[in-house]
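> Sharing a structure below in structure tokens format, with a few things to ask.
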Amino acid sequence: MTNLHGLKFLSSRYLLVVLSALALLLESQSARGQERIDTTYYFTASQLPDGTAFLPAPPDSGSPQYSYDLAQHLWGKSQRQGARAQQAIDEATVDIREMARQFSPAFGLAITPQHTPEIYRLVLNSVLTLRLAATKVKEHYMRLRPYVQLHENTLIPEDEQSERTQGSYPSGHTIRGWGMALVLSEVNSAAQDSLLSLGYEWGQSRIIAGYHWQSDVDAGRLLASACFARLHTSKAYLKQLRKAQREFKRLYQRP
């Protein structure tokens, strides 16, 4: 009986070692799969539309446009409760993986490096390329963010210090959100209304959170749209778009 008990103990330990090794192997394979999604910019910042050449300057204080910014800022503060406030917090992310997860329900498929590598590669490279266009405009105007100018708190206090010295105009988060909505609409045109609605609210979330003026958000949408049009002159973008569309068709129509 003692020997039998010992054999059972050794068998249990052996099974545990095997299962642990298998888990590590699967984790390693998953990590390698994620690493294969490399970042490739379709254009450099200097090749994208120059926002300083066609965007209006941020509104001067005392102008009707600035009064609208203030009115929208008050509206945003009125939304800082319940589900809409949590949405604004969630949409403050700049992580493409997390953005893809949040856009997945509107898109109709779970967008991940493992499940939809071609679609994920498209949004990763597209959104990061679009965001390049914001830097020059931000540095040109260096507009103060609402919470800095008005000495207020925001919905996301942990980001206040790091973003305090970054220009508010245009909104980089809006470029990311609106840009992702535009790109995904090309892959699944049937979902474009839901995607664009989410992309629009992504920008409004920055007003609710207290990090941007309405004119920052509006300029972000305009700049993202201009750069999105530029993407269609990239052979690499168009090639990846076709791959993403084929992948979507294959997965979406699967029985």
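> Might you work out the accessible area of ASP218 for me, using a 1.4 Å probe with all protein chains in place, and round it to the nearest 10 Å²?
Result for ASP218: roughly 70 Å² accessible.
> Once region 161-255 is represented by equal point scatterers at the alpha-carbon sites, with solvent omitted, what log10 I(q)/I(0) does the Debye formula produce at q = 0.16, 0.18 Å⁻¹?
So the normalised log intensities work out to -0.72, -0.84.
> Now for a separate question. Quick check for you: with a 1.4 Å probe and neighbouring chains kept, what is the accessible area per residue of the chain, in Å²?
Values: 13430 Å² over 255 residues.
Heavy-atom SASA per residue in the chain reads 53 Å².
> Whole number please: convex hull volume per residue of the Cα set in region 47-133, in Å³?
Numbers: hull volume 11.6 nm³, N = 87.
Convex hull of Cα atoms, per residue: 133 Å³.
> Something else about it: Taking the chain as a Gaussian network, Cα atoms linked when under 10 Å apart, which of LYS239, LYS138, LYS77 shows the biggest mean-square fluctuation?
Checking each option, the largest mean-square fluctuation is seen for LYS239.
> Ordered by packing density, taken as the mean number of other Cβ atoms within 10 Å over each peptide's residues, highest first, how do 61-68, 101-108 rank? Don't jump to the answer; show the numbers that get you there.
Working: 61-68: 11.9, 101-108: 18.0.
Final packing ranking: 101-108, 61-68.
> Considering the alpha-carbon set of the chain alone, what are its Rg and its Dmax in angstrom?
Just the Cα atoms of the chain yield Rg and Dmax of 22.9, 91 Å.
> Build a GNM of the chain with springs between Cα atoms under 10 Å: which of ASN125, ASN188, ASN153 gets the top mean-square fluctuation?
With Cα springs under 10 Å in the chain, the top fluctuation among ASN125, ASN188, ASN153 is at ASN153.
> Now a separate question. Place a +1 charge on the Cβ of each Lys and Arg in the chain and a -1 charge on the Cβ of each Asp and Glu, then give the dipole magnitude about the Cα centre in debye, rounded to the nearest 20. Mind showing how you got there, number by number?
Working: 28 positive and 23 negative charges, 223 e Å.
So the magnitude is around 1080 debye.
> Also, I was wondering about something else. Send over the Kirkwood Rh of region 102-233, from the inverse of the averaged 1/r over different Cα pairs, rounded to one decimal Å.
Values: mean 1/r = 0.0656 Å⁻¹.
Across region 102-233, the inverse of the average 1/r is 15.3 Å.
> Also, quick follow-up: Using helices alone, what [θ] at 222 nm do you get for the chain, with -39,500 (n - 2.57) per DSSP H run of 4 or more residues, divided over all residues and rounded to the nearest 500? Before the final figure, lay out each step's value.
Numbers: 13 runs with 175 residues, N = 255.
After summing the helix terms and dividing by residue count, I get -22000 deg cm²/dmol.
> Charges at C-beta only: +1 for Lys and Arg, -1 for Asp and Glu. How large is the resulting dipole of region 34-164 about its Cα centre, in Debye rounded to 20?
It works out to roughly 160 debye.
> Step through the residues of region 219-235 one at a time and calculate ³J(HN,Hα) from phi using the Karplus curve (6.51 cos²θ - 1.76 cosθ + 1.60, θ = phi - 60°), rounding each to whole Hz and writing x for Gly and Pro.
Here the 3J(HN,Hα) series is 5, x, 5, 5, 5, 4, 5, 5, 6, 5, 4, 5, 4, 6, 9, 9, 5 Hz.
> For the chain, give the percent of accessible area contributed by carbon and sulfur heavy atoms, probe 1.4 Å, rounded to a whole number.
Details: 7570 of 13430 Å².
Taking all protein chains in place, the chain shows 56 percent carbon and sulfur surface.
The values are calculated or read from the model by the stated rules, or taken from the named source; none is laboratory data. Every value quoted in this text rests on a predicted model; they were computed, and no experiment measured them. With ideal geometry, Cβ positions are generated from the backbone for all residues, glycine too; neighbour counts draw on all protein chains shown. We work out accessible area using only protein heavy atoms, side chains counted, and drop any ligands, DNA or RNA first. Shrake-Rupley method; radii C 1.70, N 1.55, O 1.52, S 1.80 Å.
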